[in-house]
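A short worksheet on the structure shown next.
The values are calculated or read from the model by the stated rules, or taken from the named source; none is laboratory data. Fair warning: this is a prediction, and the values are worked out from it, not measured in the lab. As a convention, Cβ positions derive from the backbone with ideal geometry for all residues, glycine included, and neighbour counts pool all protein chains shown.
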Amino acid sequence: MLGRESVAWRGPGTPLVFAAGVPRMKRLSIEGPLVWMYERNHDVLARESRADFERRLGPPHGTDPEGDGLGPTDWWAWRADCGLTLVVLRRERAGDFHVFTGEHEVDHALAHLGWWSREVVWRVDEGRPLMKNGWAVYRQDDTGNRHDVTVMPARGHAECLARLLEARAHKQWYAIEARGTPPPPPMPKPREGWAVIRQDEHGNRAEVVVHPSEEIARKLARAYDAEPRHKQTYFVVPVPPGA
């Protein structure tokens, strides 16, 4: 941590304001092939020179020589102090960065990566209205003008984004405030597709991951099987509807 934030409420019902304290990201320990490598639905497509990206965030955490069939793919994976999980892929052929995080975490992820709008080619929430319920992150300049940056379901992530933006801004301060009715906990997505199952020598089974594509699920199972593990096998089974 680069310091602890100081937090204060400026009277009942007023926004939460921050002073300094920039959160860090730590490398995410991942065993086995990255499921994100085979996902089509990234949340951000960005363009920056590899040299600039690595100068700021370090060399890749790993490389897949085949990627998802489109050639060599480098990857980075982090978990931030705030709890945000962030995965970045860079395919050598295209040279673009693909970011996987969550549709309500795009601004948060971009702030952690040190990107502004100029690096962003596409984002999953582009053109969508802000959420009506949740925690709003807004900025105010030295003339008192306010502007909402985003509205997020998780208060802790909104606080983190405000701190990150505050550390980068000049003559602006950032705060959060509750909007509408707090959003309910997210419902689990329906399970569908193909499950990769791990089985040990005693017959105990555990689900590793579910993917909508049978072809990709089988590729993941083969990749896990190829790793130097002892007395474990991997196979693929269909997930029953509604399971």
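For the stretch 112-148, name all the residues that are hydrophobic (A, V, I, L, M, F, W, C), outside any loop (DSSP other than H, G, I, E, B) and more than 14 Å from residue 166 (Cα to Cα).
First pass over the stretch 112-148, keeping only residues hydrophobic (A, V, I, L, M, F, W, C): 113, 115-116, 120-122, 124, 130-131, 135-137.
Filter once more, so that each one left must be outside any loop (DSSP other than H, G, I, E, B): 113, 120-122, 135-137.
113, 120, 121, 122, 135, 136 - these are the residues of the stretch 112-148 that are hydrophobic (A, V, I, L, M, F, W, C), outside any loop (DSSP other than H, G, I, E, B) and more than 14 Å from residue 166 (Cα to Cα).
Here residue 49 meets the list (1) under 22 Å from residue 83 (Cα atoms); (2) hydroxyl-bearing (Ser, Thr, Tyr); (3) modelled with pLDDT of 65 or more almost entirely, failing just condition (1).
Would you mind stating whether residue 57 is in the same structural domain as residue 160 (by TED's automatic domain parsing) and more than 14 Å from residue 114 (Cα to Cα)? No.
One line per residue, one yes/no per condition, for (1) assigned by TED's automatic domain parsing to the domain that holds residue 82; (2) touching a His at 6+ places or on another chain (Cβ under 8 Å); (3) surrounded by 15 or more Cβ atoms within 10 Å (Cβ to Cβ):
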position	(1), (2), (3)
141	yes, no, no
144	yes, no, no
157	yes, yes, yes
166	yes, no, yes
171	yes, no, no
202	no, no, no
213	no, no, no
221	no, no, yes
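Taking the numbered list (1) over 29 Å from residue 30 (Cβ atoms); (2) modelled with pLDDT under 90; (3) touching an Asp or Glu at 6+ places or on another chain (Cβ under 9 Å) in turn, residue 181 passes all entries but (3). Answer yes or no: is there a residue in the stretch 120-130 that is within 30 Å of residue 181 (Cα to Cα), modelled with pLDDT of 90 or more and in contact with a Ser or Thr (Cβ under 7 Å, 6 or more places away or on another chain). Yes, that holds for at least one residue. Determine which single condition residue 105 fails, assuming it passes every other condition in (1) buried (at least 17 other Cβ atoms within 10 Å of the Cβ); (2) among the acidic types (Asp, Glu); (3) in contact with a Phe, Trp or Tyr (Cβ under 9 Å, 6 or more places away or on another chain). Status for residue 105: all satisfied but (3). Total residues in the stretch 128-159 satisfying the condition of being among the charged types (D, E, K, R) and within 15 Å of residue 107 (Cα to Cα): the figure is 5. Of the listed requirements (1) out of contact with any strand residue (DSSP E or B) (no Cβ under 9 Å at 6 or more places or on another chain); (2) of a type outside the set (Gly, Ala, Ser); (3) in contact (Cβ under 8 Å) with a residue 12 or more places away in the chain; (4) in a helix (DSSP H, G or I), residue 82 misses just one: (4).
In the set (1) closer than 24 Å to residue 48 by Cβ; (2) in contact (Cβ under 8 Å) with a residue 24 or more places away in the chain; (3) part of a loop (DSSP other than H, G, I, E, B); (4) out of contact with any His (no Cβ under 9 Å at 6 or more places or on another chain), residue 109 fails one condition alone, (3).
Do the conditions hold for residue 99, that is, is it modelled with pLDDT under 95, crowded, with 21+ Cβ neighbours inside 10 Å and outside any helix (DSSP H, G or I)? No.
If you go through the stretch 193-207 one residue at a time, do you hit one that is within 22 Å of the chain's Cα centre (by Cα) and not acidic (Asp, Glu)? Working first, answer last.
In the first step, residues of the stretch 193-207 are kept if they are within 22 Å of the chain's Cα centre (by Cα); the result is none.
Scanning the stretch 193-207, I find no residue that is within 22 Å of the chain's Cα centre (by Cα) and not acidic (Asp, Glu), so the answer is no.
The residues of the stretch 146-196 that are charged (D, E, K, R) and within 23 Å of residue 117 (Cα to Cα), listed by number, are 146, 148, 159, 163, 166, 168, 171.
Just to be sure before I move on: is residue 162 part of a helix (DSSP H, G or I), small (Gly, Ala, Ser) and more than 25 Å from residue 104 (Cα to Cα) in the structure I sent?
Values: part of a helix (DSSP H, G or I): yes; small (Gly, Ala, Ser): yes; more than 25 Å from residue 104 (Cα to Cα): no.
No: the conditions fail for residue 162.
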